[in-house]
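A short write-up of the structure that comes next.
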Amino acid sequence: MTLRLYDKNIQDILLEKQYPNTYFINDGEIKECITKLEHPYGKGFYHEICFENVHIGFGDVFLSDNICLYFESDYDTVELHFALKGKTAATSENFQKKVQFDSYQHNIIYAHEMRGKMEFDAHDMKFLEINLAPDFFKKFLPEDFNLFNTFRMAIDRQHSCLINPDHNRISLEMYQLLNDIMHCDRKGIFKKIYLEAKISELLLLQLEQLFSNETSKSSLIKKDEEKIYAVREFIVNNLDKNHSLIELAHHVGTNEFTLKKGFKELFGTTVFNFWNDAKMTQAKKMLLNGSMNVSEVSDLVGYKNPRHFSAAFKRKYGMIPSMLKNNS
């Protein structure tokens, strides 16, 4: 199985990768590699993890300009695609129209021996894609639902398509799983088991969302939706800070009402419940994995008073942070 990337003039091969058949020999091994993007295209990385039936790829790059690449592949794959930031568009004879992804969108794609063109908008790009061997993927598809049966039939007929013509929004639960996958630091067979479990959960959420179709509906206009996601991004990157709802709203150019209503609609929780959960999750990781004491962790997640931090941690996990650290 081969993947090739060409520059916009299709003169030189920029990248050629060989992958074992059926996504990787059944030897129980897990393989990883990181490809760095360098001048003149921009800077960033693309991290690949693969094992039997599964290929995970995620990247975080800054592009110096719009990029157009031509690609070709000689294998079949089902891709769980998550566009976390940035815009992409793919044109291929396999699809009747251009497949475009904007920030915060996801879908499931079946691709049979693809050949075409990829366009990337300049600036920040962040994405995660999980490619599954088609026969392996079909085991997860529920029976007796038209959308899934149609997709299964397309795979059997080797007809490239999206499982749903409209992309859905990435939910808060999905974000948490994507973060777990990208930051997994386990090794060997334990990493494989962990990633398989997370991929199963992620696929479950995608299929449930398609089945119910409720979370794909929004009363927000696109401009406001992008501002709500920007607040979520700001929170994740500033866990050590504390801001009022008004300050957060003004930071992204909206008002308090729109932020409260929109955040609840998109993520199913309040802004401050999300912020607190994110702080506690990060604190737990630092206590388990690091050499910092409770006071240092408290400070790093924005609590000036360690006692207040301990009380919040106990409400979340049922134990005080010092007990967790001592047990670890």
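Checked against (1) surrounded by fewer than 13 Cβ atoms within 10 Å (Cβ to Cβ); (2) assigned to a helix (DSSP H, G or I), Asp144 passes all but a single condition, namely (2).
Being among the small types (Gly, Ala, Ser), outside any helix (DSSP H, G or I) and in contact (Cβ under 8 Å) with a residue 12 or more places away in the chain: is that true of Ser219 here? Spelling it out, Ser219 is indeed among the small types (Gly, Ala, Ser), outside any helix (DSSP H, G or I) and in contact (Cβ under 8 Å) with a residue 12 or more places away in the chain.
Residue by residue, here is whether (1) hydrophobic (A, V, I, L, M, F, W, C); (2) modelled with pLDDT of 90 or more; (3) not assigned by TED's automatic domain parsing to the domain that holds Asn168 holds:
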| position | (1), (2), (3) |
| --- | --- |
| Ile10 | yes, no, no |
| Phe24 | yes, no, no |
| Gly28 | no, no, no |
| Glu48 | no, yes, no |
| Tyr75 | no, no, no |
| Asn94 | no, no, no |
| Gly116 | no, no, no |
| Asp121 | no, no, no |
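Considering only region 91-114, how many residues are part of a strand (DSSP E or B) and under 26 Å from Asp224 (Cα atoms)?
Filtering region 91-114 down to residues part of a strand (DSSP E or B) leaves 91-92, 99-101, 105-112.
Adding the requirement that they be under 26 Å from Asp224 (Cα atoms) leaves 99-101, 105-108.
Looking only at that region, the number is 7.
Can you tell me how many residues within region 287-328 are outside any helix (DSSP H, G or I) and either under 19 Å from Asn242 (Cα atoms) or in contact with a strand residue (DSSP E or B) (Cβ under 9 Å, 6 or more places away or on another chain) (or both)?
So the first thing to find is which residues in region 287-328 are outside any helix (DSSP H, G or I), and the list is 290-293, 301-305, 318-320, 328.
Narrowing further to those that are either under 19 Å from Asn242 (Cα atoms) or in contact with a strand residue (DSSP E or B) (Cβ under 9 Å, 6 or more places away or on another chain) (or both): 301-305.
So the answer is 5.
Go through the residues of region 87-102 one by one and say whether even a single one is in contact with a Pro (Cβ under 7 Å, 6 or more places away or on another chain), aliphatic (A, V, I, L, M) and touching a residue at least 40 places away in the same chain (Cβ under 8 Å). Within region 87-102, none of the residues are in contact with a Pro (Cβ under 7 Å, 6 or more places away or on another chain), aliphatic (A, V, I, L, M) and touching a residue at least 40 places away in the same chain (Cβ under 8 Å).
Is there any pair linking a residue in region 186-209 that is within 18 Å of Phe140 (Cβ to Cβ) to one that is among the polar types (S, T, N, Q) and outside any helix (DSSP H, G or I), with Cβ under 6 Å and at least six apart or on different chains, and which? Pairs that qualify, where the first residue is within 18 Å of Phe140 (Cβ to Cβ) and the partner is among the polar types (S, T, N, Q) and outside any helix (DSSP H, G or I), are Gln209/Asn168; Gln209/Thr215.
The values are calculated or read from the model by the stated rules, or taken from the named source; none is laboratory data. Here the structure is a predicted model, which is why all the values come from computation and not from measurement. Cβ: placed from backbone, ideal geometry, glycine included. Neighbour counts: every protein chain shown.
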